[in-house]
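The structure appears right after this line, and notes come after that.
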Amino acid sequence: MTATKKKSEEGEPRFEEALAELEEIVRKLEAGDVPLEESLAAFERGVALVRLLHGRLDAVQEKIEELTRGEQGKAQARPFHDE
């Protein structure tokens with residue numbers, strides 16, 4: 001499964017789509033004008049999206065570390081810093 005596919009085999013949204021959906025959920029919940037039951041459902045969906053996004057970011061990090069391994073097989077990961 002790659003983040004560039006439109007939908008995965010399980011029908012999961014692309015990374016960008018999941019992030020946009022999560023941002024919309026946060027906006028709705030922060031506004032505070034959503035009924036309790038709808039708020040709970042939105043919160044549950046938000047938690048699921050956070051887990052999905054976190055998992056994808058972990059997978060990307062592992063792939064980057066794999067691609068940057070040195071000759072001796074040790075990862076030569078360097079932190080990314082904005083300067």
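The values are calculated or read from the model by the stated rules, or taken from the named source; none is laboratory data. Quick caveat, the model's predicted, so the values are computed rather than measured. Every residue, glycine as well, gets a Cβ built from its backbone with ideal geometry; the counts of neighbours run over all protein chains shown.
Key figures for this structure:
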| read-out | value |
| --- | --- |
| Residues (touching a strand residue (DSSP E or B) at 6+ places or on another chain (Cβ under 7 Å) and either of a type in the set (V, I, T) or modelled with pLDDT of 80 or more (or both)) located in region 40-83 | E65, T68 |
| Inter-residue pairs, beta-carbon under 9 Å, first part of a helix (DSSP H, G or I) and in region 57-83, second modelled with pLDDT of 85 or more and surrounded by 11 or more Cβ atoms within 10 Å (Cβ to Cβ), 6+ apart | L57/F15; V60/F15 |
